[in-house]
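All remarks here apply to the structure that follows.
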Amino acid sequence: MVYGAIDLHARFSQIRIVDEAGTVLSDQRVPTSRERLVAVFSGHGAMRLLVEASTESEWVAQALEAAGHEVIVADPNYGPMYGSLRRRVKTDKRDVAALAEAVRRGWYRPAHRVSRTQRTVRQRLSIRRQLVRVRSGLIAKLRAVLRQEGLRLPRGTSRTVPDRVEGLTLPAGLQEVLSPLIDALSALGPILAAQDRALVQHAATDAVVERLQTVPGVGPIVALTFRAALDRVDRFPSAAHASSSVGLVPREDSSAERQHRGHITKLGSTEARSMLIQAAWSCWRSRTVRTTRLRAWADALAARRGKRIAVVALARRLSRILFAIWRDETTFRDPVTEALTVA
């Protein structure tokens with residue numbers, strides 16, 4: 001069998017083709033395009049190709065699979081794939097040589113390839129997140145300019161910022177200075193509202209997302225983000241593994257009788273972790289009957305360890321509840337709420 005490896009980059013990529021014995025058949029640098037990558041691996045029959053997981057890896061894998069090759073998208077954090085955890089000299093040629101040897105000998109760990117549906121959801125959520133960041137930056141700059149003039153923006157939501165600025169008595173010329181920020185915020189508001197409506201509509205068509213929203217503090221955006229981050233529930237053996245995939249488990253450095261746990265790992269999806277922490281704050285601040293047990297648990301932990309640690313721990317608990325609901329195809333059921341309903 002013939003094997004191939006790609007050290008993938010945005011504009012040019014290094015490729016290497018070897019035979020069963022490891023003899024190099026081709027080693028060259030090519031433009032990163034569908035046509036060129038398919039052409040460079042033609043003429044050797046069906047091959048097993050390895051590429052590291054990256055921004056471009058999925059479309060490259062799909063293009064080469066359509067050409068009849070077996071493509072492995074590998075986890076770049078798997079040290080043995082490079083033969084050494086410490087490389088004093090790193091070049092594209094050395095990297096692709098290590099990848100070619102890895103695919104020939106099986107020294108790799110496949111990365112999870114997200115489904116087309118959830119990849120689209122991830123893209124839509126990331127665009128929404130970028131728009132929210134832009135809006136936050138505009139509001140922060142507007143507040144700073146007002147403070148320079150001894151003014152304060154009244155409290156309110158981000159959607160009402162233009163109206164709240166209009167209600168201020170501004171010095172001469174300041175209205176003109178602020179007009180680009182106001183215009184940008186006014187234009188951005190409808191765009192974000194449309195994005196939110198589209199995501200809510202999509203959430204309503206997904207049975208899994210609807211079940212996840214039965215958990216206190218979890219709305220459409222949180223549920224969609226969690227679903228898109230995990231992609232498939234069956235790839236995790238337990239709820240603890242799901243929590244670990246979004247970086248909500250503590251670091252650990254233990255040996256023999258010594259046990260030390262530190263801050264959370266913060267691995268995996270930053271957005272999913274952030275959304276779960278926001279959901280935890282919402283759940284803890286809620287005063288509904290449905291959150292009674294979760295709030296009591298968080299209150300007891302906060303009394304011992306502080307609010308921040310309690311919120312992160314509550315986010316971890318929510319992630320495990322969400323995982324169980326998804327896995328078992330059920331909804332959130334709180335004993336306190338059920339008892340009051342029966343009474």
* Asked: Considering the zone a paramagnetic label at Asn77 would reach in this model (a point 7 Å from Cα along the Cα-to-Cβ line), which residues of region 113-153 have amide N under 19 Å from it?
  -> 113-115
* 0 to 90° range, to nearest 10: angle between helix 220-230 axis and the chain longest Cα axis -> 20 degrees
* To do: Between Val145 and Arg333, take the C-beta separation as r, use R0 = 56 Å, and let me know the FRET efficiency to the nearest 0.05.
  => 0.65
* For Ile139, solvent-accessible area (1.4 Å; no DNA, RNA or ligand), Å² -> 20 Å²
* Structure fact -> Whole-percent carbon and sulfur contribution to the accessible surface of region 211-343 (1.4 Å, no ligands, DNA or RNA) stands at 50 percent
* Multiply the residue separation of Arg320 and Thr265 by 0.36 nm, subtract the distance between their alpha-carbon atoms, and state the gained length in nm to one decimal. => 18.2 nm
* **Accessible surface of region 65-179, 1.4 Å probe, proportion on carbon and sulfur as whole %** => 48 percent
* Asked: Distance in nm between label sites at Asp163 and Gln118, each 7 Å beyond Cα in the beta-carbon direction?
  -> 3.9 nm
* To do: Might you tell me the accessible area per residue for region 1-146, computed with a 1.4 Å probe and given in Å²?
  => 54 Å²
* Pulled fully out, how much extra length does the chain show between Val177 and Asp231, if you take 0.36 nm times their separation in residues and subtract their Cα-Cα distance? -> 14.8 nm
* **His9, His241, reordered so the largest accessible area comes first (probe 1.4 Å)** => His241, His9
* Asked: Lys266: which lysines have alpha carbons under 28 Å from its alpha carbon, excluding same-chain residues fewer than 8 sequence positions away?
  -> Lys90, Lys307
* Using a 1.4 angstrom probe and counting only protein chains, how large is the accessible area of Val208 in Å², to 10? -> 20 Å²
* Which angle between 0 and 90 degrees, to the nearest 10, do you get for helix 57-66 versus the longest principal axis of the chain when only C-alpha atoms count? -> 50 degrees
* **Computed helical MRE - 222 nm, the chain, DSSP H runs ≥ 4 contributing -39500 (n - 2.57), nearest 500** => -17500 deg cm²/dmol
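The values are calculated or read from the model by the stated rules, or taken from the named source; none is laboratory data. All values derive from a computational prediction rather than experimental measurement. Here Cβ is always computed from backbone atoms with ideal geometry, including for glycine, and neighbour counts include all displayed protein chains. Surface areas here come from the heavy atoms of the whole protein model, side chains and all, with no ligands, DNA or RNA. Shrake-Rupley method; radii C 1.70, N 1.55, O 1.52, S 1.80 Å.
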